[in-house]
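Following: one structure in structure tokens, then a few remarks.
The values are calculated or read from the model by the stated rules, or taken from the named source; none is laboratory data. Since this is a predicted model, take the numbers as computed values, not measurements. Reconstructed Cβ throughout: ideal geometry from the backbone, glycine too, with neighbour counts over all protein chains shown.
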Amino acid sequence: MHGAFAEFALLLLICALAGALFVRLRQPVLIAYIVVGIVVGPSVLGLVGAHEQIDLLAQVGVAVLLFVVGLKLDLHHIRHIGPVALATGLGQLAFTIAFGFLLVLALGKGWLEALYVAVALTFSSTIIIVKLLSDKRELDSLHGRIAVGFLIVQDLAVVVAMMTMSALRGTGGASGDETTLLAVLGSLAWRLAAAAALLFVLMRWVLPAVVSAMARSQELLLVFAIAWGVALAALGEWAGFSKEAGAFLAGFSLASTPYREAMNARLTSIRDFLLLFFFIDLGAKLELATLGAEVGPAILLSLFVLVGNPLIVMAIMGFMGYRKRTGFLAGLTVAQISEFSIVFVAMGITLGHIGVPALGLTTLVGLVTITVSTYMILYSQPLYERLAPWLGWFERRRPFRELAVEQAAAGDGAAEIIVFGLGRYGSRLLQQLRSDGVQAIGVDFDPEAVRTLQRLGLPVHFGDGEDPEFLQTLPLAQARWIVTTFPQLESNRALLHALRAAQFRGPVAAAVRDAAQGRALAAAGVPWILNPFDDAADHAARRLAQTLRSGDPLRAPAPPEETRS
């Protein structure tokens, strides 16, 4: 085809069709993108000509991916990862790196290539796992929470690995290189210290005010997030780290702001779109001859990941006092490698440490493990029932820790009501619900309203209620009611659509401005319509009638406590 624009149009159309097929097969679409890249690349159809444009979008996509990872690592969450997530994450990392390294060496690879591939085998796909657990409504289950915890440990590990390997830039791993290991570690240490000091200053005194100003506009907040991530990615590369490490630090610097979830929700779709070009670019660079030579090693390493990673997770969790079922379900989430694995190995090629065959091997392992593990997670319960008689080795006689978790969970509170829209009516409703002992939380996209109510000690989230990705961050599974006070009919309809996409099946109450809006929302399935003006007028009429019946108009009854401002 002639022209980059026409080429992009064709690639997007092919990806959409291939993605639809893979979704039908219940597979992650990133596999479809890699397959499309191989098919349209020089080894098959040779349709890709705009290599520079695709490569640039791929680099931005990787930067946005690492930015979103950093954005999710709130310091408060890191402090509460928990001993089981930390022990499981570190144990699985150590096991996979050690045995994977020996296995790859036995396959005849060089030590540096073996190290890269072994490290790549340790990372599981947070995107895929969270999506699968969310679809199965298991994200808030015990094994889901533990899995998310050690996925955070893996996310931190991938960034440390990228920083460490980028510090070896240009050495190629040669033993006679002028840069000694001690010099490399010293260089990395002072650069990390400088980056930490800079981040501390920015996070403490600069970024909160800047982000608050940007949050006055949804579009501006999104543009700022992307600009900040890409800018620090470029700065990270200039400082001798890598673009990936710089983008991660950019996201981490914003992770403690109240606008974290709003930025994350809006960046998710942009991340997925840009990563499409990364996987197309990856597939287009792989030659079928290279892939064919790595099929045998890829099958062996895939079996190692599919079997070895879940076993080590089960062993650690069983030792720590969890039941074999919990360990098995959590272990399945590490039975694949991730897009980070491919990004990590691709970075090694850029640094000159390894060659393209390592990337082909890692990609094949990714294709096999992601495909197989997806079905393993989707059909985890039947799989467990078949294997349960042989899993007794992975359970203590008394799973004490899981029993303690269950007892603690029985006393935990849940958000019974979520109020969307915290204007005058919504904020008053939230305050009164909380004062009446109802476990309610509020959501609004106005940063001023959020800050005001948070200063009053109310549990308020900053985010867009019309975004299904943001709704996934809320405790919808425990909510018994949703209340919307959005003034626009279109906003309420978008919220209803987002709630259905987030698998919320409970009742919804809506505060409306007029009868027509109430009828429209009732037709859309809202069972309870609140009309603040009619309700207030009816209440005022009852008070006036009561005053007249009392015979003393000068002594009107005091308003009930809930009507006082």
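Listed by first and then second residue, the pairs linking a residue in segment 355-374 that is assigned by TED's automatic domain parsing to the domain that holds residue 310 to a residue that is among the aromatic types (Phe, Trp, Tyr), with Cβ atoms under 8 Å apart and 6 or more places separating them unless they lie on different chains, are 358/116. Only residues that are within 15 Å of residue 119 (Cβ to Cβ) and either surrounded by fewer than 24 Cβ atoms within 10 Å (Cβ to Cβ) or not aliphatic (A, V, I, L, M) (or both) were counted in segment 329-341, giving 4.
Within segment 447-475, residues that are touching a residue at least 40 places away in the same chain (Cβ under 8 Å) sit with their Cβ atoms under 8 Å from residues that are β-branched (Val, Ile, Thr) and assigned to a helix (DSSP H, G or I), at 6+ positions apart or across chains, in these pairs: 461/450; 462/450; 469/268.
Please tell me if residue 217 is under 20 Å from residue 199 (Cα atoms) and polar (S, T, N, Q). For residue 217, the condition - under 20 Å from residue 199 (Cα atoms) and polar (S, T, N, Q) - is not met. Here residue 138 meets the list (1) under 17 Å from residue 380 (Cα atoms); (2) not in a loop (DSSP other than H, G, I, E, B) almost entirely, failing just condition (2). Elements of the type helices (runs of 4 or more DSSP H) sitting completely within segment 207-256 and holding at least 1 residues that are loosely packed, with under 15 Cβ neighbours inside 10 Å: these cover 207-214, 218-238. Listed conditions (1) in contact (Cβ under 8 Å) with a residue 24 or more places away in the chain; (2) assigned to a helix (DSSP H, G or I) are all met by residue 44, apart from (2). Condition check for residue 507 on (1) farther than 23 Å from residue 269 by Cβ; (2) without any contact (Cβ under 8 Å) to a residue 24 or more places away in the chain: one failure, at (2). Taking the criterion of being more than 21 Å from the chain's Cα centre (by Cα) and closer than 24 Å to residue 465 by Cα, the only residue of segment 220-264 that qualifies is 220. Tell me which of these residue 118 doesn't satisfy, since it passes every other one: (1) touching a Phe, Trp or Tyr at 6+ places or on another chain (Cβ under 6 Å); (2) among the hydrophobic types (A, V, I, L, M, F, W, C); (3) in contact (Cβ under 8 Å) with a residue 40 or more places away in the chain. Failing condition for residue 118: (3).
For the condition without any contact (Cβ under 8 Å) to a residue 40 or more places away in the chain, under 23 Å from residue 268 (Cβ atoms) and either assigned to a helix (DSSP H, G or I) or touching a helix residue (DSSP H, G or I) at 6+ places or on another chain (Cβ under 7 Å) (or both), residue 493 qualifies. Can residue 188 be described as crowded, with 17+ Cβ neighbours inside 10 Å, out of contact with any Cys (no Cβ under 6 Å at 6 or more places or on another chain) and either touching a residue at least 40 places away in the same chain (Cβ under 8 Å) or not in a helix (DSSP H, G or I) (or both)? No.
For segment 148-166, the criterion of being assigned to a helix (DSSP H, G or I) and aromatic (Phe, Trp, Tyr) is met by at least one residue.
Based on what the data block shows, is residue 60 surrounded by 13 or more Cβ atoms within 10 Å (Cβ to Cβ), assigned by TED's automatic domain parsing to the domain that holds residue 226 and modelled with pLDDT under 90? Judged against the criteria, residue 60 is not a match.
Among the numbered conditions (1) surrounded by fewer than 23 Cβ atoms within 10 Å (Cβ to Cβ); (2) in contact with a Lys or Arg (Cβ under 8 Å, 6 or more places away or on another chain), the only one that residue 293 does not meet is (2).
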